[in-house]
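Reading through the structure tokens given below for one structure.
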Amino acid sequence: MSSASLPLLFIPGMMCDARLFRPQIEALADRYPVYVANLIEGDTIEDLAARILSETSASEFALAGLSMGGIVAMEMLRQAPERIKKIALLDTNPRAELEDVKQKREPQITKVQAGGLREVMRDEMKPNYLADTPQRDQILDLCMDMALKFGPEIFVKQSRALQSRPDQQDMLAASDCSALILCGREDLLCPIERHELMHDLMKNSQLEIIDQAGHLPTLEQPIKTNQALLRWMER
């Protein structure tokens, strides 16, 4: 299958939907068949990956995941390396969750179960996501809208899945998949060093650091992100 006809599957991050990739869909859909998966059915990263693979009809495709979507994308590569011809890992983490991070999720889960999803998203999560750009407040409003659409049950399921996620470093080191490793320079959640690690592990990878962007460069710097994705798809 030529790269021009290779389907491209996007996987959004935690509590996000296809709107996370709206600029990329608009820029790429006239060149490639573009699809967006969701992370709402499955209790573990392994379950989520297996479900998306079973629901994806294409025998071969390119895969791009951001944050939790990148974590699921790595598990999909582990489960079906023969199907994934290209992988883009955006603002994500190849490591298993550290014990202190697991424990920090518990108060968030308790608050959300008590009706505090809006407060958790507003006070503890989204303020650390983005660089200080003119569109920051608009993106924060969109993130809140996406999170409230999914609701507390999905927040808890996704949090639990992240707590138990597998370490993928050995898998990445063994992969020869054509990879784009991309992150915002000001990403505090998944800093540059995690992406340098993935780049070092993956022998067929390119590293792109997006200036004036935090955890969501797809929305913060869409033109630069689109250009990086196009270069990767056309390689």
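All of the numbers you see were taken from the coordinates with simple rules; none came from a lab. Here the structure is a predicted model, which means the values were calculated and not measured. Because the Cβ atoms are built from the backbone with ideal geometry, glycine has one as well, and the counts that use them run over all protein chains shown.
With a simple spin-label model that places each label point 7 Å from the Cα along the Cα-to-Cβ direction, the separation between Asp145 and Asp170 comes to 4.5 nm.
Go through (1) 11.3; (2) 14.4; (3) 12.0 and flag the label whose value is the computed mean projected area of the Cα convex hull in nm² for this structure. Only one listed value fits the structure, namely (1). Ranked by how many other Cβ atoms sit within 10 Å of their own Cβ, fewest first, the residues Phe150, Phe10, Phe155 fall in the order Phe150, Phe155, Phe10. Per residue of the chain, the DSSP helices (runs of n ≥ 4 H) give a summed -39500 (n - 2.57) that works out to -13500 deg cm²/dmol at 222 nm. Helix 68-79 and the longest principal axis of the Cα set of the chain meet at an angle near 50°. For the options Gln163, Gln138, Gln206, a Gaussian network treatment of the chain with springs between C-alpha atoms closer than 10 Å singles out Gln138 as fluctuating the most. Near the amide H of Gln206, within less than 5 Å, lie the amide hydrogens of Ala179, Leu180, Ile181, all on another chain or at least 5 residues away, with H placed in the peptide plane. Couplings 3J(HN,Hα) of segment 80-85, computed from phi: 9, x, 6, 8, 9, 8 Hz, in residue order, whole Hz [Karplus 6.51 cos²θ - 1.76 cosθ + 1.60, θ = phi - 60°; x for Gly and Pro].
Only Cα pairs within less than 10 Å get springs; with that Gaussian network setup on the chain, which residue of Gly69, Gly42, Gly184 has the largest fluctuation? Result for the chain, Cα springs under 10 Å: Gly42 fluctuates most.
The charge dipole of segment 1-146, taken about its Cα centre with unit charges on the Cβ atoms of Lys, Arg (+1), Asp and Glu (-1) only, comes to about 260 debye.
If only the Cβ of Lys and Arg carry +1 and only the Cβ of Asp and Glu carry -1, the dipole of segment 32-104 around its Cα centre is close to 280 debye. Bridging of Lys104 to lysines at a Cα separation below 20 Å is possible for Lys126, Lys157, once same-chain residues fewer than 8 apart are set aside.
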